[in-house]
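Undergrad: Before anything else, here's the structure in question.
The values are calculated or read from the model by the stated rules, or taken from the named source; none is laboratory data. Keep in mind it's a predicted model, so treat the numbers as computed, not measured. Cβ: placed from backbone, ideal geometry, glycine included. Neighbour counts: every protein chain shown. Accessible surface is based on the protein model in full, side chains and every heavy atom, while ligands, DNA and RNA are left aside. Shrake-Rupley method; radii C 1.70, N 1.55, O 1.52, S 1.80 Å.
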Amino acid sequence: MNETLDIITIGEGLIELSTSTSLKNSSCFDKYYGGDTLVSAISALRSGSSVGYITKVANDSFGEYLLDAWQSEGLDSSQVKLTKGQNGVYFVGNNYDNKENPREYRYYRQKTAASTLSADDINFDYIKKAKSVYATGFVQSLSLNTKEAVSEVFKFAKQNDILTAYDPNCQKNISEKDEMLENFNLISDYIDIIFIESKDAELLFETKSTDMLITKLSDLAIKMVVVKDKENGITIYDNNDTTNVPALDFQMIDATGVSNAFNGAFLSRYLDGLSAQNAAKYACALCMLQMQNIGAVKSIPYKKEVEEYCGKIYE
């Protein structure tokens, strides 16, 4: 593939097994795929961007399924390498009787094929084809190898004027706070855009104030800060200006992967020339549609439907 790519993401492909009931009571699961940066990649792809994915996949039946699915989607997987080992799996259950935590997640992703990805596996000529690169703290937490790979890619991108985007994506059941902060500090000098949920901001930077968070991150020379908050909506700091896209009330069925889908949709539309505020509106509309169905990836809508819906809710 010789053409320029809009976005290259680094991550892991996980097998998703989801059910509409609780994990305890379910006797049947729907198979699909997920993974935080993979959700962002497909969200950007379905929003009209050309997207490449860098990872390692175990050479088994699940690996064949992942590669076939990505090829059908149009994701450039030319840099996906096959290796021995196993692919990660996660289960999603829905326990509607538990109002505070209606969704259950169980991850099995230790010592997977993706965790063996290292800086030596990166084709930096491929990175040069990209307008932007994207990764998360969740991916860094896979192993020391992936931590180094993400750092080297971000450093290279910064040196070559390629836009870098990052989400700490803290998962308290996966990593400790010190590791999450270390992951961020390793690449903070190379970040152009940071997406961060308010809960992650409180955990990492010990502040509930969006203004204080923006001050801390902009002082690190991060050009754009996108803060995601369930109650206050999306707050964007860009070019010394702050704007807001308010949260809207709506009914949802499943929020699996929604924050990751927002990131991919935002990057897609922003790289295509929309203002940061309008890119956020589009991304919010995509997420609202996504949450009407079950699953991280299979529920992501396509650009035309999102644009029509966005026009209705933000007219």
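Undergrad: From the set of residues in segment 1-18 that are open to solvent by 10 Å² or more (accessible area, probe 1.4 Å) and assigned to a loop (DSSP other than H, G, I, E, B), which is nearest to Ala69 (Cα to Cα)?
TA: Among those residues, the one meeting the criterion is Met1.
Undergrad: Please return the ranges of helices (runs of 4 or more DSSP H) entirely within segment 99-191 where 2 or more residues are among the aliphatic types (A, V, I, L, M).
TA: Passing ranges, in order: 144-159, 177-187.
Undergrad: Can you work out which of the residues in segment 158-177 that are open to solvent by 10 Å² or more (accessible area, probe 1.4 Å) and acidic (Asp, Glu) is farthest from Leu14 (Cα to Cα)?
TA: Going through the qualifying residues, I end up with Asp161.
Undergrad: I'd like the full set of residues that are at pLDDT 95 or above, assigned to a loop (DSSP other than H, G, I, E, B) and under 15 Å from the mean Cα position of the chain (by Cα), limited to segment 19-48.
TA: Selection gives Ser47 alone.
Undergrad: Here's a follow-up. So if I check each of Leu14, Leu82, Leu75, which one is closer than 20 Å to Ala255 by Cβ and among the hydrophobic types (A, V, I, L, M, F, W, C)? Break it down into steps so the answer makes sense when it comes.
TA: Details: Leu82 fails: closer than 20 Å to Ala255 by Cβ; Leu75 fails: closer than 20 Å to Ala255 by Cβ.
Exactly one of Leu14, Leu82, Leu75 is closer than 20 Å to Ala255 by Cβ and among the hydrophobic types (A, V, I, L, M, F, W, C), namely Leu14.
Undergrad: Within segment 77-112, work out how many residues are modelled with pLDDT under 90, of a type in the set (S, T, N, Q) and surrounded by 13 or more Cβ atoms within 10 Å (Cβ to Cβ).
TA: 2
Undergrad: Another question, if that's okay. Of the residues that make up segment 196-205, is at least one in contact with a strand residue (DSSP E or B) (Cβ under 9 Å, 6 or more places away or on another chain) and not in a helix (DSSP H, G or I)?
TA: Yes, that holds for at least one residue.
Undergrad: Given the residues Lys147, Lys155, Lys129, which is the only one that is closer than 15 Å to Ile10 by Cα and crowded, with 20+ Cβ neighbours inside 10 Å?
TA: Exactly one of Lys147, Lys155, Lys129 is closer than 15 Å to Ile10 by Cα and crowded, with 20+ Cβ neighbours inside 10 Å, namely Lys147.
Undergrad: Take the residues in segment 235-275 that are exposed (fewer than 14 other Cβ atoms within 10 Å of the Cβ) and within 30 Å of Thr19 (Cα to Cα), then tell me which one is nearest to the chain's Cα centre (by Cα).
TA: Met252
Undergrad: Sort out which residues of segment 181-191 are open to solvent by 10 Å² or more (accessible area, probe 1.4 Å) and in contact (Cβ under 8 Å) with a residue 24 or more places away in the chain, and write them in order of number.
TA: Leu186, Ser188, Asp189, Tyr190
Undergrad: Tell me, which residue of segment 50-74 that is within 19 Å of Val153 (Cβ to Cβ) and open to solvent by less than 10 Å² (accessible area, probe 1.4 Å) is farthest from the chain's Cα centre (by Cα)? Give the steps one after another, and end with the answer.
TA: Step one: list which residues in segment 50-74 are within 19 Å of Val153 (Cβ to Cβ), which gives 50-57.
Pick out the ones that are also open to solvent by less than 10 Å² (accessible area, probe 1.4 Å) and you get 51-55, 57.
Details: Val51: 13, Gly52: 14, Tyr53: 12, Ile54: 14, Thr55: 14, Val57: 18 Å.
Only one residue fits best here, namely Val57.
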